[in-house]
Each structure stands twice: as C-alpha cells, then as structure tokens.
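These notes are about the structure you will find just below.
The values are calculated or read from the model by the stated rules, or taken from the named source; none is laboratory data. Since we're looking at a predicted model, the values are computed, not measured. Please note: Cβ atoms are built from the backbone with ideal geometry, for glycine as well, and neighbour counts cover all protein chains shown. SASA here: full protein model, heavy atoms, side chains in, ligands and nucleic acids out. Shrake-Rupley method; radii C 1.70, N 1.55, O 1.52, S 1.80 Å.
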Amino acid sequence: MTTHICFHGIGVCADERESGEARYWMAEDTFLRTLDALADRSDVELSFDDGNRSDLDIALPALTERGLRATFFVLAGRLDDPASLNARDLRSLLAAGMSIGNHGWTHTPWRALDDAAARRELFDARNAIQEASGTTPTEAALPLGRYDRNTVRRVRAAGYRALYTSDRYRSRPGAWMRARYSVTEHDTAESVGALVTRRSGASEARNAAASLVKRLR
C-alpha cells in the first residue's frame, strides 16, 4: 500500500486568500525535518496543492537535495497571481523531474457544479496549465477534497488517469482514486512519520468506507 502525503503552503501564510488557509501551511523547519523522515520510504508519495510560491522557493530545493519527486497540483486561475506559481515556475518544476497536475481553475469544490463550470474546472484549467507548462496534466486533485458520484464520473470522462482525494487512508499502488493525508500547521515530522509506519486500523477503515459512500451518492 502507498501513503500519499499532501502539503499546501510551506513557511508563513502572510495573506489568506481563503478562510482557514493558514491551517494548512507547515513551518519551513518542520517541513524539512518531515522530508528527512520520509526520504527513504519507497511506499510514500508526495504532492503539493494550490500552487503557492513556496512550492518553488522552498519545496523544490529541499526535494532536489534529497532526491525526492512530487506532483504539484496547480490552479489555472492563479497563474498570474504573484503569490502563486507562474508559467516559468511550472517549467522549472518539470525540468527538475517533478510532475504537474490540475487542481482546477478557482479552487471551487467540483461537487454540484453545472456543466459549464465543470468544463472550466476540468478542461479549460487543464488546457491553461498545458499552455503554461508545455505538458498536459494527466492527474487531478479535488479542491477541498469534496466529491460525489457525479464528480467521479466527470473526472473519469475527462480522461484523467488518477484522481487524488483527501480521504486519509492508504491506497493501492496504481489505483485510479488515491486518498491522501493533508498535513496541517500542527503536524510534526514525528506525526507524519507515524502515519506512514502505523498499521492500518479502524480509522482508516472508516475513512475508506466513507469514500465508498461518497462515490455511491
């Protein structure tokens, strides 16, 4: 089984663009220690959501130094935002061996979108990221982790080869839906390491069951 660890911002969230955003930023020194704890784990995959500047300024050098790879899920609507990654940054990530995925256009949950909004989030955003980066995103990550059966159907129909959630349980290698653990400001290298080393238990089973229910609704 694979444990997917998801980061958002690294360092200090100087200006929240959404209420509660700062909760998902990890202090830089904690982030570096966390990478050290995960560096030798072949059963761990890393990703970054939202396309914050810290992905390039802090995360990329730290990953490269440790020989690690990650997928960066970016928001097409923030490519011109000074606090976010731009086209040159995306190409720098790719040149360093990282992958780029789609996180949508506006960080709007994909659940209950009308057809026009879904097209913008799944297709227009992918096209914009492709134009900016020079590569086509083949994987998507759910904004705010929210989804239902119709969301899953739309993402599959759009041709993505993987969909990342925030459901907090381990995933089978190569699974199309891949649950992740999103770290928060309260996490430490030790707490993240414990997620990876602990045995699967009742909480993971509940989370997997809840994911199944959402896919059936």
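In table form, for the structure just shown:
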| item | result |
| --- | --- |
| Neighbour cut-off at most 14 other Cβ (10 Å), DSSP loop, trypsin sites (Lys or Arg not before Pro), the range 48-124 | 69 |
| Pair residue 197, residue 18: separation of 7 Å Cα→Cβ label points (nm) | 3.3 nm |
| Separation between Cα centres of the range 52-121 and the range 155-196, rounded to whole Å | 16 Å |
| Accessible surface of the chain [probe 1.4 Å, protein heavy atoms]: carbon and sulfur percent | 48 percent |
| Convex hull of the range 59-157 built on C-alpha atoms - directionally averaged projected area, nm² | 6.4 nm² |
| For the chain, calculated [θ]222 nm from helices alone, where every DSSP H run of n ≥ 4 adds -39500 (n - 2.57) | -9500 deg cm²/dmol |
| Using distinct alpha-carbon pairs, which all enter the 1/r mean, Kirkwood radius of the chain in Å | 17.4 Å |
| With all protein chains modelled, accessible area of residue 12 [1.4 Å, Å²] | 120 Å² |
| DSSP bridge pairs, the chain: antiparallel proportion in percent, nearest 5 | 10 percent |
